[in-house]
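For reference, the structure discussed in these notes is given below.
Readers should treat all values here as calculations from the given coordinates under stated rules, not as data from a laboratory. Computed from a predicted model, the values in this text were never measured in an experiment. Every residue, glycine among them, receives a Cβ derived from its backbone with ideal geometry; neighbour counts consider all protein chains shown.
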Amino acid sequence: MEKVIEEEKQGTTVQLNDKKENGRKLYIESYGCQMNFSDSEIVASILAKEGFNTTNTLEEADLVLVNTCSIREKAEQTVRKRLEKFNRVKERDNPNMKVGVLGCMAERLKSKFLEEEKIVDMVVGPDAYKDLPNLVAEIDEGRDAVNVILSKEETYGDVAPVRLHSNGVTAFVSITRGCDNMCTFCVVPFTRGRERSRDPQSILEEIQDLVNKGFKEVTLLGQNVDSYLWYGGGLKKDFKKASPMAQATAVDFAKLLHIVAKAQPNLRVRFSTSNPQDISDDVLHAMAAHRNICNYIHLPVQSGSDRILKEMNRLHTRQEYMDLIDRIHDIIEDCAISQDMIAGFPTETEADHQDTLSLMEYVKYDYGFMFAYSERPGTMAARKMEDDVPEEVKKRRLSEIIDVQRRTGLERAQYFVGKTVEVLIEKESKRSDQHWAGRNSQNYMTVFPKGNFKVGDFVMVKITDCTSATLIGEAVGYSDMTGPITIK
Ligand code: SAM
């Protein structure tokens, strides 16, 4: 994983498994968060059942879908540029090509999209993918199609995702949808709706299916996984209205972790994203109790200033966050922690920014995903606050944040030099066909000479060197899957 990622640049093409033939070709690109990539696997599954065959060649596609992100303005600009490209291809090579926009941007702009971008035939929000067969039938008949209805219940628990671009080793499993946190900067509650959790039984079944297919690691996905709560279905906010029996037998995130880790002791389990106000000590104890739950928490903080945290409606203080970091280190040995940070939120002063830098020095994050504030229409911050930090100030603060992250990231990586760590081999190294690449429990990409090992093996690797993003070493043998994940 790269230290500094611009989520919106992760567009890809995909390959689907075919179910029945309809002679038509689908091309799909995904942008944004892991959730979007996971959603594209749901979409792929729904359309594969309709007989769509996929292609990696845009020019030969009958249906082009783009799964979009609205989190920052730049993410939306990227999609608009892709639509221009689709338009050129349609005019030049493929006049019958149909184009659909999926995901958060579809939800945000709704039918306005059809007016603004003439190329778009279909607009589908994140909760409406099961309606795709009907929507495709409509555009086939020459009408534009829109479904952006948000659901109280939809979790796609009953759709078996088609694994796209899979390495056959690691997979995402979605466990919650939507978000109730209402951070003032964030568009997600408006584009993905209220928070709801997926039936643990269907989560276990999906994981069992992955294990049967040889997968070795899952990442449980949600905007706020710590808030997971299954009480028979429905919105998280309606939990209090559930029957006493439903409340008493509810499954929270800590319980879900125990259930998954125990059910599949040889499967690595990760999760993302955590929220400081919702992660419980029970979750930390569950992580400590199971060897197969990875020692890594993505714990966005966004700012180190109490005043800005309050303006962002983040429901914790700087001190509470620091206390949480201390508890993580007390309860979980060698736990890596990563952050999301926003530079230049409205009203942010130099003193607020210094608080962010000093918090980063305190935590010593292993990784970071750092962004300049981007005002999003409809959010509370856009409605109530002026975007008053000049662009060049945002940029300068962001680069100072990135500098601290690079330094602490390198320090944290150096901790592993001289130690032996368990690595799950995922793929060939990008830089050398003589080396494997895989991650250790703490999520550090680790490269080492291939030897006789193969993709999917758990290997103990002695670390000899590092950069701030990568550990470099030599394999010393297979992991026995019971001993320490880091030998000191
Ligand atoms: N649910 C997680 C949380 O609450 O922390 C992550 C939400 S978001 C999909 C991923 C990251 O994008 C956020 O953590 C935040 O740092 C960043 N982000 C969200 N809205 C933003 C905005 N308006 N401007 C800049 N960055 C933003």
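Before moving on, here are some points about what is shown:
- Taking every DSSP helix (H) stretch of at least 4 residues in the chain, weighting each as -39,500 (n - 2.57) and dividing the sum by the residue count yields a mean residue ellipticity at 222 nm of -10000 deg cm²/dmol.
- The GLU153 and MET182 beta-carbon pair, evaluated with R₀ = 22 Å, returns a calculated FRET efficiency of approximately 0.60.
- Rounded to 5, percent antiparallel among DSSP beta bridges of the chain: 40
- Where labels lie 7 Å past Cα in the beta-carbon direction, separation of GLU411 and ALA248 in nm: 5.1
- Checked against a 24 Å cut-off, the cross-linked pairs LYS430/LYS454; LYS255/LYS419; LYS255/LYS364; LYS85/LYS130 give Cα-Cα distances beyond that limit for LYS255/LYS419; LYS255/LYS364; LYS85/LYS130.
- With K and R counted +1 and D and E -1, the other residues having a Cβ less than 15 Å from that of VAL417 yield a net charge of -1.
- Inter-probe distance in nm under a simple model that places probes 7 Å from Cα toward Cβ, at GLU60 and LYS384: 5.4
- When you count the other C-beta atoms within 10 angstrom of each residue and take the mean per peptide, 311-322, 253-264, 95-106 line up highest first as 95-106, 253-264, 311-322.
- Within the stretch 167-323, percent of DSSP bridges classed antiparallel, to nearest 5: 30
- Estimated distance in nm for a label pair at GLN77 and GLU350, the labels positioned 7 Å out from Cα along Cα-to-Cβ: 2.8
- Net length available on complete extension from GLN208 to GLU91 is 37.6 nm, with 0.36 nm assigned per residue and the Cα-Cα distance removed.
- The slack in the chain from LYS395 to ILE487, taken as 0.36 nm per residue of separation less the alpha-carbon distance, amounts to 29.0 nm.
- Packing around the peptides 396-406, 413-423, taken as the average count of other Cβ atoms within 10 Å per residue, puts them in this order, highest first: 413-423, 396-406.
- Neighbours of ARG192 by Cβ distance under 12 Å: Lys/Arg scored +1, Asp/Glu scored -1, total -2.
- Listed peptides 45-54, 140-149, 32-41 by packing density, highest first (mean Cβ within 10 Å): 32-41, 45-54, 140-149
- Efficiency of FRET from Cβ geometry, ASP199 and ILE331, R₀ 30 Å, rounded to 0.05: 0.55
- Pairs from the list LYS241/LYS384; LYS240/LYS310; LYS427/LYS450; LYS216/LYS450; LYS262/LYS450 with a Cα-Cα gap above 22 Å: LYS241/LYS384; LYS240/LYS310; LYS262/LYS450.
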